[in-house]
Amino acid sequence: MTSATTEQIHVRVLGGPTALFEYGGLRFLTDPTFDAPGDYQVPGGRLTKTAPSSAAPAGLGRIDVVLLSHDEHPDNLDNSGRALLADVPLTLTTPEGGQRLGNGAKGLADWESIELDRPGGGTITVTGVPAIHGPGAREDVEPITGQVVGFVLTGESLPTVYVSGDNASLDMVRQIAERFGPVGTAILFAGAPRFSVLFDGALIVLDSVQAAEAAKILGARQVVPVHYDSWAHFTEGRDELVAAFAEAGLDCLDLGDMRTLSS
């Protein structure tokens, strides 16, 4: 399946994994995180948010759909993000997350699709696509880090959009490219997060070099990175992303509204 157009979409990156974009007349928000900087106690340790979002929920305008890679970790859905979900008509997430979140949330299994009505007629198809939040096989990773889902958006005369979610597997990216490539816009979660207490310190989301490789696999014409700043456990940031894409000879990296933050 190929993108219907070479048009690129405008993505507003708000910090961490949170980005806002309009597609087919609908407004989508990824993994909402709007809390102030601070600490979160999680099983086995602590997560530290180091910088605020560049916008507050009240300043975003209408949100039609939240694309939530998973609900279990505060660096993907924090307290303010949970509060925002109550005002959004539809949240798409993992099957288990859909059950936990309840009203307004729908879980998508791998390759399961939902049709959304476009303003003025027509539809957008959102397909849940596989993601693995850590190294190795899904059956080994999910009991530790939980279910994660990515998303592919398609529509007549619209570019294909891929939102990776917290995925560390290039094999999953290859499967997605086989079905949907080439991709018009890829919103790739990066940042090379790792913890010494998890998987012997192995990556649990793509690093910058892998993000560049994912762009090649997808044939992406535009890559918007998210999930690389605002949290202490992200080990790579803006500079590493720029260097990795330059080294790979790729000119598809779009820093868009990315804020200038330290890595």
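The values are calculated or read from the model by the stated rules, or taken from the named source; none is laboratory data. These numbers were taken from a predicted model, which means no experiment stands behind them. A quick note on method: Cβ atoms are made from the backbone with ideal geometry, for glycine too, and the neighbour counts reach across all protein chains shown.
Would you check if residue 58 is in contact with a helix residue (DSSP H, G or I) (Cβ under 7 Å, 6 or more places away or on another chain), surrounded by fewer than 20 Cβ atoms within 10 Å (Cβ to Cβ) and not in a strand (DSSP E or B)? Judged against the criteria, residue 58 is not a match. For the stretch 80-154, no strands (runs of 3 or more DSSP E) sit wholly inside it while including 2 or more residues that are touching a Cys at 6+ places or on another chain (Cβ under 6 Å) and within 16 Å of residue 179 (Cβ to Cβ).
Residue-wise test of (1) within 24 Å of residue 233 (Cα to Cα); (2) not polar (S, T, N, Q).
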{"site": "30", "(1), (2)": "yes, no"}
{"site": "55", "(1), (2)": "yes, yes"}
{"site": "80", "(1), (2)": "yes, no"}
{"site": "103", "(1), (2)": "no, no"}
{"site": "120", "(1), (2)": "no, yes"}
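When each of 160, 125 is tested for being in contact with a Ser or Thr (Cβ under 7 Å, 6 or more places away or on another chain), surrounded by fewer than 21 Cβ atoms within 10 Å (Cβ to Cβ) and of a type outside the set (Gly, Ala, Ser), the lone residue that passes is 125. Taking the conditions exactly as written (of a type in the set (A, V, I, L, M) and either at pLDDT below 95 or within 15 Å of residue 231 (Cβ to Cβ) (or both)), does residue 86 satisfy them or not? Criteria met by residue 86. Assuming residue 224 fulfils every condition listed in (1) farther than 26 Å from residue 45 by Cα; (2) part of a helix (DSSP H, G or I) apart from one, which condition is it? All conditions pass for residue 224, except number (2).
Quick one: which of 155, 104, 146 is small (Gly, Ala, Ser), more than 21 Å from residue 223 (Cα to Cα) and over 17 Å from the mean Cα position of the chain (by Cα)? Outline the logic, then answer.
Working: 155 fails: more than 21 Å from residue 223 (Cα to Cα); 146 fails: over 17 Å from the mean Cα position of the chain (by Cα).
Answer to the selection: 104.
Against the conditions (1) assigned to a strand (DSSP E or B); (2) under 17 Å from residue 163 (Cα atoms); (3) free of Cβ contacts under 8 Å to residues at least 40 places away in the same chain, residue 19 satisfies every one except (3). Taken residue by residue, the stretch 220-234 has at least one member that is of a type outside the set (Lys, Arg), surrounded by fewer than 23 Cβ atoms within 10 Å (Cβ to Cβ) and farther than 27 Å from residue 39 by Cβ. Of the listed requirements (1) among the small types (Gly, Ala, Ser); (2) surrounded by fewer than 24 Cβ atoms within 10 Å (Cβ to Cβ); (3) under 20 Å from residue 21 (Cβ atoms), residue 186 misses just one: (2).
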